[in-house]
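*Asks:* My questions will all concern the structure given below.
The values are calculated or read from the model by the stated rules, or taken from the named source; none is laboratory data. On a predicted model such as this, the values are computed, not experimentally measured, just so you know. Don't worry about glycine lacking a Cβ; one is built from the backbone with ideal geometry, like all the others, and counts go over all protein chains shown.
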Amino acid sequence: MTSPVELVRAMKEIVGEQHVIHEQNKLHVFSCDGYVARQALPRAVVSPANTEEVAAVVKWLHEHQIPFLPRGAGTGLSGGAIALNNEVVISLARMNQLLSVDFENLRAVVQPGLVNLTLTKQITGDGYYYAPDPSSQSVCTIGGNLAENAGGSHCLKYGVTTNHIVAAKFVLPDGEVIDVGQPYGDAVGYDILGLVVGSEGTLGIATEITVKILKKPQAVQTALAMFDRVEDASNTVSAIIGTGIIPAAIEMMDQLAMQAVDKSNFHVGYPPDIEAVLLIEVDGLAAGVEEDAERVVEICRQNHVRTVKIAESTDERALWWSSRKMAFGATGRISPDYIVQDGVIPRSRLTEVLQRITEISRESGLRIANVFHAGDGNLHPLICYDSRVPGETEKAIRVGSEVLHVCVDVGGTITGEHGVGIEKIEDMRYQFRDEEIEAQIAIRRAFNPNDLCNAGKLIPEPARCVEVKQARRIIEQNVEVFSGFQEQTAVTAPDSTS
Amino acid sequence: MAKAEPELVQMSRHVSAFRWPDAPEEEKFSVCVHCGFCLDVCPTYQELKDENHSPRGRVLLIKEAAEGKLPLDESVIDPVFTCLDCRACETVCPSGVQVGSLIETARGQAHAAYPPVGRAGTVERIFLRGVFPHRSRLRAIGKFIRFYQRSGLRTVVRKTGALSVLPHAAREMEAVIPEIAADMAVDALPERIPARDAKKGTAVLFTGCVMDVFFAHVNEATARVAVRNGLEVLVPREQVCCGALQIHAGDREQARIMAKTNIDVFLATGADYLIINAAGCGAALKEYPDLFRDDPTYGQRARDFSARVRDISELLVEVGFEAPKGHINKTVTYHDACHLCHAQHIRSQPRQLLRAIPDLKLVELPDSERCCGSAGIYNLTHPDMASALLERKMDDIPETADAVVMGNPGCMMQIRLGVHKRQRDLDVLHTVELLDEAYQKEAAEQ
Amino acid sequence: MLQTGSDYPAVLVEPADEAQTAAVMKRASEAGWKVKPIGAGTQLTGEAPGERVHIVLSMGRMNQVLDFSPSDLVVTVQPGVTLSELGRVLTAEQKMLPLDPWLPAASTIGGIASTAASGPRRALYGGVRDMAIALRVVYPDGTVIRTGSKVVKNVAGYDMTKLFVGSRGTLGVITELTFKLRPLPLHRETVLLFGSAEDIRLMRSKLVGSVLIPSRAQALSSFDEPTGVWMLAVDCDENERSAQYQTEQLKAWATEQSMSADVLQGSAADDWWEAMGEQALGADLVVRLAAAPTNWHDLAAKVAEFATRYGVDVRQSWAVTLGIGEVFVRGLAPELATQIVTELRTAATRVNGTVVIKHASAQVRQGVDPFGPIGRAGVLFERIKHQIDPGRTMSPATFAGGI
């Protein structure tokens, strides 16, 4: 056993005295991330400055068989950065540099702790941007985006993180440093990068990330459309896609979500009696964008929109977007607690699924606000509850699961961008069969044979395994009964065969 | 009986570490949903990259201390005092956590638990309790500094190294103390100045302490532009320092004494507004009700008082101001003082005033809402952090600017220090100074 | 006769469905038989010669479009569906799968996914890994697993879909594929610009630095004039007004550079691209290069230089915004081919690029590794292979790093 003193000394030798936090009381703030329903104290928090230090930290921990996990800004919504096994947390917050930009070849190399929006801010002056834009982009890091395969509002047209990361320097759980992906064209051999993106920190730690950057579109038009009925808004979404326009984004909020965001610092002033609002953005060449925007407005009208309006200024557009992007946190203004879910459904089943969610809300007595990437069919039901009421937390978790099961039942998935983490680990069983879970464990084994790197996240133990363990426990607990049973069978067996 | 012990243990674990009145309120910290949107706007998190020194972290520490999960020790106190109280987090917080109020009340608890010692203790003993609350002592200090500057004593002191008794940060500050006026505005201005033209209301001019000692001319300029725009200005002699520095330091008891005086003095005048040109004081005056949560009488008086407090830029835009006709041919940039933009949500008004000045070119300051490191007495208590933030602010000020403009004396002192250290040819001005200059020129040009 | 990449006799098995596929695999792995899944067999000349296989598993009979939901922009197909057949089905609903590798019409979706083949449209839409969202895969032991989900966003579990895409049948047999789709562009417009390689280099720079939205930007040289005239074909899949704007901008730049320009619209544009694809067929050697787009010009010059030096016919096709080039060589001896690949690889490696053989005779592929060096990620190839196919049942030794 390695003593805590030994651990702290070794970590300080690698990253420097002031970059190791180990005093119990200073670890509380690292006991959870954006998911607060579970908390656990890490053994220490270590903040390396570069790839070499990360590799050295990981190598030492591997040699001493101490579990560890990476942490970015700690904004994850599924508990991926919670130290369930009393891990050493490797914080990448200090590794926040933009290492290089190559405009001619449309690539940037960043450290994992660089904040998503900071990358865009640093290249925007030259007319470029980084496309994936999770709502937390002003604070979440690109390393965290890689781990979660983060989405965002504009991935309808531009794709999610995995479509924008092309290569990475990657520290395997034994401390070995490898290069995955290829900045241009395809990596030769298996698509290791493809596995790594979205692996929620269970396969290793990316320390240098090469991303695609894009030229900012010449023109953008944003429409805000308010509907009396949710169904009309849903139909509008399908109709727009049906005409052959792929907007950069189509976002939707329902009545309760609108109430919440209108109480925040970003007040739009939604009429209280409308059921749904759509935020639709088209971008591209100026010559054509206007025409697309006109068609979008026309389609809204055909679908009984109450009012539809194109943003007249960048300020107005920014306000609409802030209002949407602050929606999760703003739920704090209408409810003491909430759980945000992240199911995805086929776009064509939107109306039906929303009705089901309404029923679930009615049956459970818990209010559910809906905020979602309507174009992708990615729903974020916000289940409101009060943890001070006994039993309500459990009820909310149950309702969350129910909603996800509805998504899987219509052919969708339990998570579109927030990740499985701890939160949805049991729901994985609803989506995947045992052998499919086994197949994913096999992948983890290839990278992370000792399961030291963020164990207990993303993939549940296979049910079979649980059953075996349970059976073993039952036997152990009832050893007398079972031994008696064995004796009995041993005695009776010959009789029965005779 | 066997059950009694675990319950006791459980209870003792849940005794709040905040044992004094006026503790951080549960409904304020329980609003935090731990989303982390505040991390990247927090200057101390940007510098330290340690979540203990982030708004979300501090709120969690306060919550855990309140729930008895953490003692009120260094692990809580250090982050709570490293906070600049700049409120940048409040601007981005989707669920509306009042971080500033939580920090200030938590500091109050720390203050009660451990009376300040060391450098913070000296600062508090001498200045926060000894000088600022007392008009006469402030006046004496002002006179002394003026004497010091004019008598040649400054040269002597600098040569003899007598300044080395002061902390390094204070020594640096000494170099940039502006030329002190003969009188503070509160003494120099008449008690009642009638409005020019049609009267739009009566306003008490809050002269403050630092502003009035170091920047008395800004107070005088404020009075002139108010009068110029139809306000009758009152300058009651009995007013005292607002108490913001005491609140930031956790000395809420002293702050309450000062607040009561100001409330009494102002309400007795029956004025429509109280105008203030110092962002930090403005925020504190607007938040007086927070000090009297447990005092029904003064709670109501504080609310009546705060409802009439206006920053000078805010009031000018509210009652309507006349665009000056005097030209100022300069390029300036505007720094958003934390307590104007984050605490009072005043961003457009000062810019509106500046844009109204003919020929004045306003260029935006990148990340203009990031704290300059001044933060009340923070630059004295946390010089390293303050200096790191000042460096960043100085890096951001555009090369083309002739002057950097703001609405807070603390920022003015801090940025003067930055200009001095870098030997930049850059004026540090208050918004009303420029506006006043333009009005003066208009008179001259006519 | 089928080219299996192996000189040994093999049994050809054509399962009708996934259950049969699973049964074959289970039996084969129990018996220790090696199995090689194939589609139409059009890309087998791009792999390492490999070990002897006992069973060639042709997916040709599994050729149904299983589910097509135009409003969800999602289609699910069996692996034996040809790209042209799928195109027909999708076009009827004004949708498309923007995959356009230059392969024979008989090429199947399963084969294209297994080799991660891509074409000019990758410039805007990405490659197979960006479009495939779900798979069904039969593992070597006959277990069937599903990867991904049939919706456009999904992060539940590892992104296993990407592991199987491009794995060349060395891990499992893909029995079903789901792709996300795009609307068929309402307007098709291609601008053709003619000039020297240098002209194209300048034009590329302008294009990349501009706000234009090329859905394809392909620089082409012809067999007849390997060093002389190049052509840059730029497409716009936006609406008509945008396409017009893009065309005008390109024509203006062409005038500045004294390049001649031609514009094709609608079916004329479609036909032209199809003809370009056909021209790519019938070469003796096809090599794919990838490097930073700003390096394409130097690498293309290197290729042209070989052509002159060795007196062979060469045609090049470069996706200039991506830095991906294909080199088609006619009329050359195998030993020369080996040499050309080796020299190109040296040149490309110098700029962190890669060179992979797409098509060559068995003799050439014996002489030079079709995939080249695999880098430090290679340590994981063996470990993954071992986890999924411990008995090395699937297409042994045909892929990168001897997998």
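*Asks:* Within the set of pairs 6+ apart or on separate chains, which have a first residue in the stretch A:95-114 that is within 14 Å of chain C (Cβ to nearest Cβ) and over 16 Å from C:L207 (Cα atoms), a second that is among the charged types (D, E, K, R) and in a loop (DSSP other than H, G, I, E, B), and C-beta atoms under 9 Å apart?
*Replies:* Pairs found: A:V101/A:D126.
*Asks:* Which of the residues that make up the stretch A:423-439 are under 18 Å from the mean Cα position of the chain (by Cα) and crowded, with 22+ Cβ neighbours inside 10 Å?
*Replies:* Those that are under 18 Å from the mean Cα position of the chain (by Cα) and crowded, with 22+ Cβ neighbours inside 10 Å: A:E423, A:K424, A:D427, A:Q431.
*Asks:* In addition: Which one is modelled with the lowest pLDDT, of the residues in the stretch B:374-387 that are over 15 Å from B:G407 (Cα atoms) and not in a helix (DSSP H, G or I)?
*Replies:* B:I377
*Asks:* Does at least one position in the stretch B:395-405 carry a residue that is crowded, with 24+ Cβ neighbours inside 10 Å and within 21 Å of the chain's Cα centre (by Cα)?
*Replies:* Within the stretch B:395-405 (the criterion being crowded, with 24+ Cβ neighbours inside 10 Å and within 21 Å of the chain's Cα centre (by Cα)), the answer is yes, since at least one residue qualifies.
*Asks:* Find the strands (runs of 3 or more DSSP E) located wholly in the stretch C:98-194 whose residues include 1 or more that are at pLDDT below 95, more than 10 Å from chain A (Cβ to nearest Cβ) and touching a helix residue (DSSP H, G or I) at 6+ places or on another chain (Cβ under 7 Å), and list them.
*Replies:* none
*Asks:* If you scan the stretch C:339-354, which residues turn out to be touching a Phe, Trp or Tyr at 6+ places or on another chain (Cβ under 9 Å) and among the β-branched types (V, I, T)?
*Replies:* C:I340, C:T354
*Asks:* So, one more: Go through the stretch A:200-253 and report how many residues are of a type in the set (V, I, T) and part of a loop (DSSP other than H, G, I, E, B).
*Replies:* 5
*Asks:* If you go through the stretch A:437-486, how many residues are acidic (D, E), under 30 Å from A:G80 (Cα atoms) and modelled with pLDDT under 55?
*Replies:* Result for the stretch A:437-486: 1.
*Asks:* If I go through the stretch B:406-446 residue by residue, how many of them are among the hydrophobic types (A, V, I, L, M, F, W, C), over 21 Å from the mean Cα position of the chain (by Cα) and modelled with pLDDT of 95 or more? Walk me through it before giving the result.
*Replies:* The initial filter retains those residues of the stretch B:406-446 that are among the hydrophobic types (A, V, I, L, M, F, W, C), namely B:406, B:411-413, B:415, B:417, B:419, B:426, B:428-429, B:432, B:434-435, B:438, B:443-444.
From what is left, the residues that are over 21 Å from the mean Cα position of the chain (by Cα) are B:426, B:435, B:438, B:443-444.
After this cut, where a residue has to be modelled with pLDDT of 95 or more as well, the list is B:426, B:435, B:438.
Qualifying residue count for the region: 3.
*Asks:* Which residue out of C:S29, C:S69 is among the polar types (S, T, N, Q) and in contact (Cβ under 8 Å) with a residue 24 or more places away in the chain?
*Replies:* The conditions single out C:S29.
*Asks:* Can you list residue pairs whose Cβ atoms sit under 7 Å apart, with the first residue in the stretch C:128-143 being under 16 Å from A:C155 (Cβ atoms) and the second being in a helix (DSSP H, G or I) and of a type in the set (D, E, K, R)? Count only pairs 6 or more apart in sequence or on different chains.
*Replies:* C:R129/C:K162
*Asks:* Take the stretch A:283-317 and flag every residue that is on the phi > 0 side of the Ramachandran plot and either of a type in the set (A, V, I, L, M) or in a strand (DSSP E or B) (or both).
*Replies:* Of the residues in the stretch A:283-317, the ones on the phi > 0 side of the Ramachandran plot are A:284, A:304.
Within the stretch A:283-317, A:G284 is the sole residue that qualifies.
*Asks:* Same structure again: If we only count strands (runs of 3 or more DSSP E) wholly inside the stretch C:209-297, which ones have 3 or more residues that are facing another protein chain (nearest Cβ under 9 Å) and closer than 27 Å to C:R350 by Cα?
*Replies:* Those strands (runs of 3 or more DSSP E) span C:285-290.
*Asks:* Residues in the stretch A:31-39: is at least one at pLDDT below 95, closer than 30 Å to A:E394 by Cα and in contact with a His (Cβ under 7 Å, 6 or more places away or on another chain)?
*Replies:* Scanning the stretch A:31-39 turns up at least one residue that is at pLDDT below 95, closer than 30 Å to A:E394 by Cα and in contact with a His (Cβ under 7 Å, 6 or more places away or on another chain).
*Asks:* What is the residue count in the stretch C:77-102 for residues that are under 16 Å from the mean Cα position of the chain (by Cα) and closer than 16 Å to C:A132 by Cβ? Spell out how you get there, then give the answer.
*Replies:* Taking the stretch C:77-102 first, the residues under 16 Å from the mean Cα position of the chain (by Cα) are C:79, C:82-84, C:97-102.
Cutting the leftovers down to closer than 16 Å to C:A132 by Cβ gives us C:79, C:83, C:97-101.
Number of matching residues: 7.
*Asks:* Now, a different point. Can you name the condition, by its number, that A:M258 falls short on among (1) among the aliphatic types (A, V, I, L, M); (2) surrounded by 23 or more Cβ atoms within 10 Å (Cβ to Cβ); (3) farther than 23 Å from B:V92 by Cα?
*Replies:* (3)
*Asks:* Could you figure out which of (1) closer than 25 Å to A:Q39 by Cβ; (2) more than 9 Å from every other protein chain (Cβ to nearest Cβ); (3) crowded, with 19+ Cβ neighbours inside 10 Å isn't true of A:I414?
*Replies:* (2)
*Asks:* When you check A:V261 against the structure, is it touching a helix residue (DSSP H, G or I) at 6+ places or on another chain (Cβ under 9 Å) and more than 14 Å from chain C (Cβ to nearest Cβ), yes or no?
*Replies:* On the way: touching a helix residue (DSSP H, G or I) at 6+ places or on another chain (Cβ under 9 Å): yes; more than 14 Å from chain C (Cβ to nearest Cβ): yes.
Spelling it out, A:V261 is indeed touching a helix residue (DSSP H, G or I) at 6+ places or on another chain (Cβ under 9 Å) and more than 14 Å from chain C (Cβ to nearest Cβ).
*Asks:* Hey, another quick one. Condition first: in contact with a helix residue (DSSP H, G or I) (Cβ under 9 Å, 6 or more places away or on another chain), without any contact (Cβ under 8 Å) to a residue 24 or more places away in the chain and farther than 28 Å from A:H62 by Cα. Now tell me which residues in the stretch A:164-186 satisfy that.
*Replies:* A:D186
*Asks:* Moving on. Which of the following residues is modelled with pLDDT of 95 or more, under 24 Å from A:K216 (Cα atoms), surrounded by 18 or more Cβ atoms within 10 Å (Cβ to Cβ) and not assigned by TED's automatic domain parsing to the domain that holds A:V36: A:I250, A:I345?
*Replies:* A:I250
*Asks:* Is there a residue in the stretch A:76-91 that is within 9 Å of another protein chain (Cβ to nearest Cβ) and not small (G, A, S)?
*Replies:* Checking the stretch A:76-91: at least one residue is within 9 Å of another protein chain (Cβ to nearest Cβ) and not small (G, A, S).
*Asks:* Kindly indicate which of C:R88, C:R61 is among the charged types (D, E, K, R), without any contact (Cβ under 8 Å) to a residue 12 or more places away in the chain and surrounded by fewer than 22 Cβ atoms within 10 Å (Cβ to Cβ).
*Replies:* Going through C:R88, C:R61 in turn, just one is among the charged types (D, E, K, R), without any contact (Cβ under 8 Å) to a residue 12 or more places away in the chain and surrounded by fewer than 22 Cβ atoms within 10 Å (Cβ to Cβ): C:R88.
*Asks:* More than 14 Å from chain A (Cβ to nearest Cβ) and at pLDDT below 95: which single residue out of C:P334, C:P373 fits that description?
*Replies:* Exactly one of C:P334, C:P373 is more than 14 Å from chain A (Cβ to nearest Cβ) and at pLDDT below 95, namely C:P334.
*Asks:* Kindly establish whether A:I443 is on the phi < 0 side of the Ramachandran plot, surrounded by 22 or more Cβ atoms within 10 Å (Cβ to Cβ) and part of a loop (DSSP other than H, G, I, E, B).
*Replies:* In short, no.
*Asks:* I've got another one for you. Exactly one condition in (1) surrounded by fewer than 21 Cβ atoms within 10 Å (Cβ to Cβ); (2) touching a Lys or Arg at 6+ places or on another chain (Cβ under 7 Å) is false for C:A319; which is it?
*Replies:* With (1) surrounded by fewer than 21 Cβ atoms within 10 Å (Cβ to Cβ); (2) touching a Lys or Arg at 6+ places or on another chain (Cβ under 7 Å) applied to C:A319, the lone miss is (1).
*Asks:* Which number in (1) within 14 Å of chain B (Cβ to nearest Cβ); (2) over 14 Å from A:Y158 (Cβ atoms); (3) assigned to a loop (DSSP other than H, G, I, E, B) marks the one condition that A:P134 misses?
*Replies:* Here A:P134 meets the rest and fails (2).
*Asks:* Collect the residues in the stretch C:340-370 that are surrounded by fewer than 18 Cβ atoms within 10 Å (Cβ to Cβ), within 12 Å of chain A (Cβ to nearest Cβ) and of a type in the set (S, T, Y), keeping them in residue-number order.
*Replies:* C:T349
*Asks:* Taking B:E104 and the conditions (1) at the interface with chain A (Cβ under 8 Å from one of its Cβ atoms); (2) outside any loop (DSSP other than H, G, I, E, B), which numbered condition does it fall short on, given that it satisfies the others?
*Replies:* With respect to (1) at the interface with chain A (Cβ under 8 Å from one of its Cβ atoms); (2) outside any loop (DSSP other than H, G, I, E, B), B:E104 is out only on (1).
*Asks:* Another question about this same structure. Look at B:S54 and say whether it is of a type in the set (S, T, N, Q), at the interface with chain A (Cβ under 10 Å from one of its Cβ atoms), within 23 Å of the chain's Cα centre (by Cα) and surrounded by 20 or more Cβ atoms within 10 Å (Cβ to Cβ).
*Replies:* The answer is yes for B:S54.
*Asks:* Let me ask another. Please verify whether A:I66 is more than 13 Å from chain B (Cβ to nearest Cβ), in a loop (DSSP other than H, G, I, E, B) and crowded, with 18+ Cβ neighbours inside 10 Å, treating the condition exactly as stated.
*Replies:* Criteria met by A:I66.
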